[in-house]
Structure formats: C-alpha cells, structure tokens
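One structure below.
The values are calculated or read from the model by the stated rules, or taken from the named source; none is laboratory data. Note that the coordinates shown come from a computational prediction; the quantities given were computed from them, not determined experimentally. Here the Cβ is made from the backbone with ideal geometry for all residues, glycine too, and neighbour counts use every protein chain on show.
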There are 2 protein chains.
Amino acid sequence: MILKSQVEWALHCCAILAGLPEGRYLSTKALAEFHGLPKEYLSKALQSLSQAGLVHTTLGPSGGYRLAKAPAELTFLDIVEAVEGKARTFVCTNIRANNPCRAPGYCESTPCAVARIMWEADEAWREKLRNVRLSDLIEILSKEIPADLMKRTFGWVLERAG
Amino acid sequence: MILKSQVEWALHCCAILAGLPEGRYLSTKALAEFHGLPKEYLSKALQSLSQAGLVHTTLGPSGGYRLAKAPAELTFLDIVEAVEGKARTFVCTNIRANNPCRAPGYCESTPCAVARIMWEADEAWREKLRNVRLSDLIEILSKEIPADLMKRTFGWVLERAG
DNA sequence: CAAAATAGGGATATTTGTTATCCTTAATAG
DNA sequence: CTATTAAGGATAACAAATATCCCTATTTTG
Ligand code: SF4
Ligand code: SF4
C-alpha cells in the first residue's frame, strides 16, 4: 500500500505556489519543468487540486495555477485527499457474513471491531496530516534550504509566472 | 491507496486462532471455509504470518496453525505489517533533485520536510495499531457477539481443530 | 480580429500490483 | 504406506497507477 506519486507532486507544487506573489499564476508547463515531471500527467494532479477547490486557475497565455487560500488555511490533509481521495484505507468486505454458524437471516447492524480499530488508525493518520498547514512547511523549508538556492528558485518562478 | 484484503483476512484468522485451546491447530482449509475465502490464496496470507513468526505451524493430518504468542503479546501492527510489509506508505522519489536552480553537484543530506511530515503521519498510523493487542479485540468481540453465535462458532472450530 | 498559450477532460496505452489458481515438495499422523 | 498438511514456485486474470495523445473552450497578446 503506497500513496500515488501524485501526492508528492501535489505537495511540492503547492509549496512552490505558496511563494507566488498575489494575483500571479504559474503554468503546468513551468511546474513540470521545475520538478522534472511529465507535463500531461502532472496536469491530472493539478486538476485534482482544482476540483477540490485548493487552487484557482486561469486560461490563456500567462494562465496557470495559484493557491485558492492562504497557506495557513491549507493543510496537508487537504492536498493528500485531493489527489488520493477521501476513502478509508481499510475496506471491510464483511467476511464475517460467511460464518457458517450464523443464523441465515442474521445481519450485523454495526461494523465489527476489526474495522473500527483499523478506521481509528486511519483517522489518526489523517488527524496528523490535518494538523500540518502548508505555511508550516514553508516555514521549515525556509530554514533548511540555503538562502541562495531559495533566491534563485524564487527568481526562476517569477520569470515564468504570468 | 487501499490495504490488501489479506490484511482483513489475517486479522480475522488471528481472532479465530486466539480462541483455539492450547496445543491445537487449525488448518488453512478450515479457516478458508469459515470465512468463505479462496483456500490457496488465504494460504499466502497465513504464510506471511508464519514468516513473521506470529503463528506456529505443523504439517500432516491434524496440522495447521496456532498463535506463536499469547493474544496479549500480539498487536494489530504485527499482523498488518506481516502481510502488508513494513515499508512506509509515502515514498520519496527525490524530485527536488530536479530543481534547475540547484548547483550541479549539490546534494541534500537529509530527507526534506515534505517526506518527514508524511512519514510522521505514517508513524502515527502505526503507533495506533501498535497499541491495540489481539487480546483487546477478543475482549470487544466477546461483548458484542451474541453468546449463542459465539458458542456455535467455538464448537465449529473445535470440531475441525487438530 | 487572429494567433498562441493555457486548463480541462476524454480516450487509450503501458506498467505495476493485487488477486487467484495450480502444482510440486517435504513433513507428519494414523 | 497413505492421506493430509504447510511451503513455495510458476503463472494467469484482473485492477490500479502511470503515462501519452488529442480535442475543446477560454483568455491574453499582438
Ligand atoms: S473487518 Fe469486521 S466488519 Fe469488516 S469484514 Fe471483517 S468482521 Fe466484517
Ligand atoms: S518529499 Fe522531499 S525528499 Fe522526497 S522528493 Fe520531495 S522534496 Fe525530495
């Protein structure tokens, strides 16, 4: 069970978009080139972000993506769920229904303990992601990434931002 | 990203094995019949449990599986990792290495903040599973499952346990 | 207005992972 | 010896992730 690579891509793209000046947009082409990713496929991830309302888009030359909210209002969970979906990672196929000892008509009303425990763990994962904001990431990165690389990257993006 | 159905199977099988009297074994055939699962494929899940040292096996007629430890010494994480693997659910493909602004030889020593945050969430999921013991599950089930069904199930298993 | 660039989305191929079956081997109980 | 079992290799069927291609509507730029 491994998350799609689109999750990684989306997180990185959001980090870049967070550094974009107010009112400017960055295209799929630029984001793909910057990360060395296939443009057409990265586009699908960005469309997921768009459908989830996390980013805003414009068409035409100088078009592209910008964040729809402030980085402090965007959580990791928002981004992860946008591309990975909101479905729980443990699916119950109700195999207890096959127990040959059960009365024929007998039907459990509630999900059994196995499923509930697995879902709690799933929720713990989500809760952790919910408590990290995009702004938290930016803060960490700004401390860890060398100043000159940060500056060059910022310049690279601005040259291409419409 | 969805866990394999083998995870559900393994958890259910362990729950059944936990009710097995000391020194007796239950075969793949019985476990598959009880849960309505394909015997050959369930066998792969049980082999995973065996390789992880969670269950003990014997060969021959009256052979099969029993738990290798007391239910209080077996956690959900043990079982989940036995079939699903211990690898983290977020894999980092190091796309930051493609940043065209980086100096050619520049190489990050540590995983970036994105990966660390995702791995923390993964660890929170595992921590939750680590804190639930198989004995906890049995306790909950014994309260929730009707006494007569419990009794019939127990009898069904004993009839087939070698 | 015309041309170029863009996001959106449908269709489709490729690759990988999951699910499932089959068969052989070695061990064990009766 | 015979029947039964776990272990594991080989392989097929199926589903999901990854990737590419192409068409459309929209918008900026010239
Ligand atoms: S996890 Fe629980 S609810 Fe889901 S199939 Fe198993 S017994 Fe049923
Ligand atoms: S998550 Fe971090 S370490 Fe992993 S590829 Fe992205 S930037 Fe690199």
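Which residues, counting only those in segment A:76-88, are at the interface with chain B (Cβ under 7 Å from one of its Cβ atoms) and surrounded by fewer than 20 Cβ atoms within 10 Å (Cβ to Cβ)?
First, pick out the residues of segment A:76-88 that are at the interface with chain B (Cβ under 7 Å from one of its Cβ atoms): A:76, A:84.
Scanning segment A:76-88 gives a single hit, A:Glu84.
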Residues being in contact with a helix residue (DSSP H, G or I) (Cβ under 7 Å, 6 or more places away or on another chain), of a type in the set (D, E, K, R), in a helix (DSSP H, G or I) and within 14 Å of DNA strand D (Cβ to nearest atom): count how many of those fall in segment B:1-37.
1
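Out of all the residues in segment A:131-140, is one or more within 32 Å of the chain's Cα centre (by Cα), modelled with pLDDT under 95 and of a type outside the set (Gly, Ala, Ser)? Step through it out loud before you land on a result.
Pass one, segment A:131-140, residues within 32 Å of the chain's Cα centre (by Cα): A:131-140.
Cutting the leftovers down to modelled with pLDDT under 95 gives us none.
Within segment A:131-140, not a single residue is within 32 Å of the chain's Cα centre (by Cα), modelled with pLDDT under 95 and of a type outside the set (Gly, Ala, Ser).
Give segment A:131-162 a look and list any residue that's within 15 Å of ligand 2 (Cβ to nearest atom), more than 7 Å from chain B (Cβ to nearest Cβ) and closer than 18 Å to A:Ala10 by Cβ, or say none.
Of segment A:131-162, the ones within 15 Å of ligand 2 (Cβ to nearest atom) are A:132, A:134, A:136-138, A:140-146, A:149-150, A:153.
In the following step, the residues that additionally are more than 7 Å from chain B (Cβ to nearest Cβ) were identified as A:134, A:136, A:138, A:142-143, A:145-146, A:150.
Of everything in segment A:131-162, those that are within 15 Å of ligand 2 (Cβ to nearest atom), more than 7 Å from chain B (Cβ to nearest Cβ) and closer than 18 Å to A:Ala10 by Cβ turn out to be A:Leu134, A:Asp136, A:Ile138.
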Residues that are more than 14 Å from ligand 2 (Cβ to nearest atom) and among the acidic types (Asp, Glu), drawn from segment A:7-24:
A:Glu22
All positions within segment A:7-39 that are of a type in the set (A, V, I, L, M), touching a Leu at 6+ places or on another chain (Cβ under 8 Å) and under 13 Å from A:Ala161 (Cα atoms)
A:Ile16, A:Leu17, A:Ala18, A:Leu20, A:Leu26, A:Leu31
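Scan segment A:25-41 residue by residue and report those that are within 14 Å of ligand 2 (Cβ to nearest atom) and surrounded by fewer than 18 Cβ atoms within 10 Å (Cβ to Cβ). Break it down into steps so the answer makes sense when it comes.
Keep residues of segment A:25-41 that are within 14 Å of ligand 2 (Cβ to nearest atom), which gives A:31, A:34-37.
Answer for segment A:25-41, where residues must be within 14 Å of ligand 2 (Cβ to nearest atom) and surrounded by fewer than 18 Cβ atoms within 10 Å (Cβ to Cβ): just A:Gly36.
Take the conditions closer than 18 Å to B:Leu74 by Cα, touching a His at 6+ places or on another chain (Cβ under 8 Å) and within 12 Å of chain A (Cβ to nearest Cβ) and apply them to B:His12. Does it pass?
Values: closer than 18 Å to B:Leu74 by Cα: yes; touching a His at 6+ places or on another chain (Cβ under 8 Å): yes; within 12 Å of chain A (Cβ to nearest Cβ): yes.
Yes; evaluated as a whole, the condition is true for this residue.
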Residues in segment B:75-101 that are within 30 Å of B:Leu134 (Cα to Cα) and in a loop (DSSP other than H, G, I, E, B): how many?
7
Among the numbered criteria (1) touching a residue at least 12 places away in the same chain (Cβ under 8 Å); (2) within 11 Å of DNA strand C (Cβ to nearest atom), which single criterion is violated by B:Val55?
(2)
Taking segment B:93-108 only, how many residues are more than 7 Å from every other protein chain (Cβ to nearest Cβ) and either at pLDDT 90 or above or within 34 Å of the chain's Cα centre (by Cα) (or both)?
1
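Do the conditions hold for A:Pro71, that is, is it loosely packed, with under 13 Cβ neighbours inside 10 Å and either in contact with a Cys (Cβ under 9 Å, 6 or more places away or on another chain) or farther than 21 Å from A:Glu22 by Cα (or both)? So that I can check it myself, show each step before the final result.
On the way: loosely packed, with under 13 Cβ neighbours inside 10 Å: no; either in contact with a Cys (Cβ under 9 Å, 6 or more places away or on another chain) or farther than 21 Å from A:Glu22 by Cα (or both): yes.
For A:Pro71, the condition - loosely packed, with under 13 Cβ neighbours inside 10 Å and either in contact with a Cys (Cβ under 9 Å, 6 or more places away or on another chain) or farther than 21 Å from A:Glu22 by Cα (or both) - is not met.
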Quick check on this structure: which one of A:Glu22, A:Glu8, A:Glu108 is crowded, with 21+ Cβ neighbours inside 10 Å and either of a type outside the set (Ser, Thr, Tyr) or touching a Cys at 6+ places or on another chain (Cβ under 6 Å) (or both)?
A:Glu8
Output the number of the condition that A:Lys128 fails; it satisfies all remaining conditions of (1) at the interface with chain B (Cβ under 7 Å from one of its Cβ atoms); (2) within 30 Å of A:Leu59 (Cβ to Cβ).
(2)
For A:Gly64, state whether it is more than 16 Å from ligand 2 (Cβ to nearest atom) and out of contact with any helix residue (DSSP H, G or I) (no Cβ under 9 Å at 6 or more places or on another chain).
no
Result of the Cβ filter at 7 Å on segment A:72-87, keeping first residues that are without any contact (Cβ under 8 Å) to a residue 60 or more places away in the chain and partners that are surrounded by fewer than 19 Cβ atoms within 10 Å (Cβ to Cβ) and not in a loop (DSSP other than H, G, I, E, B), at least 6 apart or interchain, is A:Thr75/A:Arg130; A:Thr75/A:Arg133; A:Leu77/A:Arg130
Does B:Pro104 meet the test of being assigned to a loop (DSSP other than H, G, I, E, B) and away from DNA strand D (no atom under 14 Å from the Cβ)?
yes
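State the number of residues belonging to segment A:38-72 that are in a loop (DSSP other than H, G, I, E, B) and more than 13 Å from DNA strand D (Cβ to nearest atom). It would help to see each step written out before you state the result.
Taking segment A:38-72 and keeping what is in a loop (DSSP other than H, G, I, E, B), we get A:38, A:52-54, A:59-63, A:68-70.
Checking the rest, the ones that are also more than 13 Å from DNA strand D (Cβ to nearest atom) come to A:52-54, A:68-70.
Selection size over segment A:38-72: 6.
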